[in-house]
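Structure record follows, encoded as structure tokens.
The values are calculated or read from the model by the stated rules, or taken from the named source; none is laboratory data. Just so we're clear, the structure is a prediction, and the values are computed from it rather than from any experiment. Here the Cβ positions follow ideal geometry from the backbone for every residue, glycine too, while neighbour counts run over all protein chains shown. The protein model used for the area step is the full one, side chains on, heavy atoms only, and it has no ligands, DNA or RNA in it. Shrake-Rupley method; radii C 1.70, N 1.55, O 1.52, S 1.80 Å.
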Amino acid sequence: MSEALGITFEENDRAGIVTLDRPERLNALTREMFDALSANYRRWAPAPHIYGVVMESSHPTVFCSGGDLKVLNALNQQGATDTIREFYRAAYSHVWVLEKFIRPNVPLINGLAFGGGVGISLLGTHCVAGEGYRFAMPQVGIGFLPDIGCTYFLPRLFGWMGTYLALTGASIGPADAHRLRLVSHYIPSAQFGTIKDALGHNHPIDRLLDGLHRDPGEGDLVRHTPTIDRAFSAGSVEEILARLDAEDGENEPWAKETAAELRKKSPTSLKIAFKQMQVGKGLTLAEALKLEFRLASHLVTTHDFREGIDARIAGKGRTPQWQPATLEEVDDREIERLFATHAEGELELDERHPGP
């Protein structure tokens with residue numbers, strides 16, 4: 001067994017086992033953890049004795065809470081923007097390693113999978129949700145952007161669900177995630193040990209998971225889908241809010257609550273996320289990751305990124321003071337510039353299969 005700062009790697013017969021084991025920080029990810037993940041997936045990719053990889057969490061209710069905001073806040077206070085950029089370079093590079101990893105890769109998720117926790121699990125060959133699964137991409141609430149592949153996978157969800165999830169940061173459970181194909185299977189967590197053992201014994205993974213899969217039910221978003229499609233198909237964030245405000249009938253309370261949540265987010269981040277959803281469907285995953293690194297490189301120098309994380313960590317959840325404070329004050333030309341302006345040391349991705 002090897003370990004690196006809250007994550008362990010071992011082999012059980014023909015299975016590689018990754019365990020997120022930083023419960024005191026809700027398995028929040030650091031650059032060192034991303035580097036260790038990439039190194040071990042590259043090591044296992046050509047290994048003839050490894051059939052596949054299982055990823056699990058030692059925390060009973062959290063798979064991974066995302067990037068470590070406490071570390072990022074400390075780096076912000078030090079003005080260490082170059083170090084923060086390298087954190088995001090390691091994160092996005094690991095998503096590409098997962099994309100090129102062709103062996104079975106089976107995250108077993110029975111808890112929160114937020115932000116980076118989605119990035120290290122979604123793009124494997126399979127993704128298993130237990131009864132405690134919760135998905136969210138809440139980055140617009142800290143003055144950042146829905147990243148680690150969101151530009152690619154969220155616009156490809158049916159209807160306007162991707163735009164809804166990107167702008168609201170809403171949390172969804174296993175039924176909605178399965179319906180949206182964010183997870184491949186819904187399997188009660190009591191069966192997770194069976195999956196891990198079977199993978200170690202070279203059991204064909206598709207047959208196994210299909211046999212254990214259960215119907216997760218309808219989900220919570222089905223009844224709101226018409227409202228989501230009406231509102232989030234608008235041509236701007238301002239128009240989305242106007243449509244939500246104008247909603248009447250049985251979905252009016254939900255629409256008002258959704259609009260209120262949007263108004264808490266960074267206006268700049270909302271505009272960036274909206275444009276990501278507009279352009280993302282025409283991008284490959286590699287292009288999306290490169291764009292995200294460009295945007296991240298610009299945003300880590302901004303007031304909203306520093307303010308959003310500081311409000312969450314040092315302020316223990318105080319209301320952030322965004323600059324600009326309203327959508328109307330955001331210069332749309334500045335948003336276009338962020339997308340178009342190259343960053344120093346742009347992300348490079350090796351399109352060959354990872355090897356030792």
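Leu291 satisfies every condition listed in (1) within 16 Å of Leu69 (Cβ to Cβ); (2) open to solvent by 10 Å² or more (accessible area, probe 1.4 Å); (3) within 17 Å of the chain's Cα centre (by Cα) except (1). Checked against the criterion of being closer than 30 Å to Asp332 by Cα and in a helix (DSSP H, G or I), the range 206-224 contains one or more residues that satisfy it.
Report whether or not Leu262 is touching a residue at least 60 places away in the same chain (Cβ under 8 Å) and over 18 Å from the mean Cα position of the chain (by Cα).
Yes: the conditions hold for Leu262.
In the range 33-50, the residue that is nearest to Phe101 (Cα to Cα) out of those that are surrounded by fewer than 21 Cβ atoms within 10 Å (Cβ to Cβ) and of a type outside the set (Gly, Ala, Ser) is Arg42.
For the range 133-183, a residue qualifies if it is open to solvent by 20 Å² or more (accessible area, probe 1.4 Å) and without any contact (Cβ under 8 Å) to a residue 24 or more places away in the chain, and exactly one does: Phe158.
Taken over the range 110-121, the criterion of being assigned to a loop (DSSP other than H, G, I, E, B), open to solvent by less than 30 Å² (accessible area, probe 1.4 Å) and farther than 14 Å from Ser38 by Cα is satisfied by Gly111, Gly115. Here Val18 clears all of (1) out of contact with any Asp or Glu (no Cβ under 9 Å at 6 or more places or on another chain); (2) among the β-branched types (Val, Ile, Thr); (3) part of a strand (DSSP E or B) except the condition numbered (1). Close contacts from the range 98-118, counting a first residue that is within 15 Å of Trp44 (Cβ to Cβ) and polar (S, T, N, Q) and a second that is part of a helix (DSSP H, G or I) and at pLDDT 95 or above, with Cβ to Cβ under 7 Å and a gap of 6+ residues or different chains, come to Asn105/Leu98. Any idea which residue in the range 188-198 is farthest from Pro60 (Cα to Cα), counting only those that are touching a residue at least 60 places away in the same chain (Cβ under 8 Å) and open to solvent by less than 40 Å² (accessible area, probe 1.4 Å)? Residue satisfying both the conditions and the ranking: Ile195.
So, in the range 66-109, of the ones that are assigned to a loop (DSSP other than H, G, I, E, B) and open to solvent by 40 Å² or more (accessible area, probe 1.4 Å), which residue ends up modelled with the lowest pLDDT?
Ile102
Could we say that Gly235 is closer than 29 Å to Pro320 by Cα, surrounded by 13 or more Cβ atoms within 10 Å (Cβ to Cβ), out of contact with any helix residue (DSSP H, G or I) (no Cβ under 6 Å at 6 or more places or on another chain) and modelled with pLDDT of 95 or more here? Taking the combined requirement at face value, the residue does not satisfy it.
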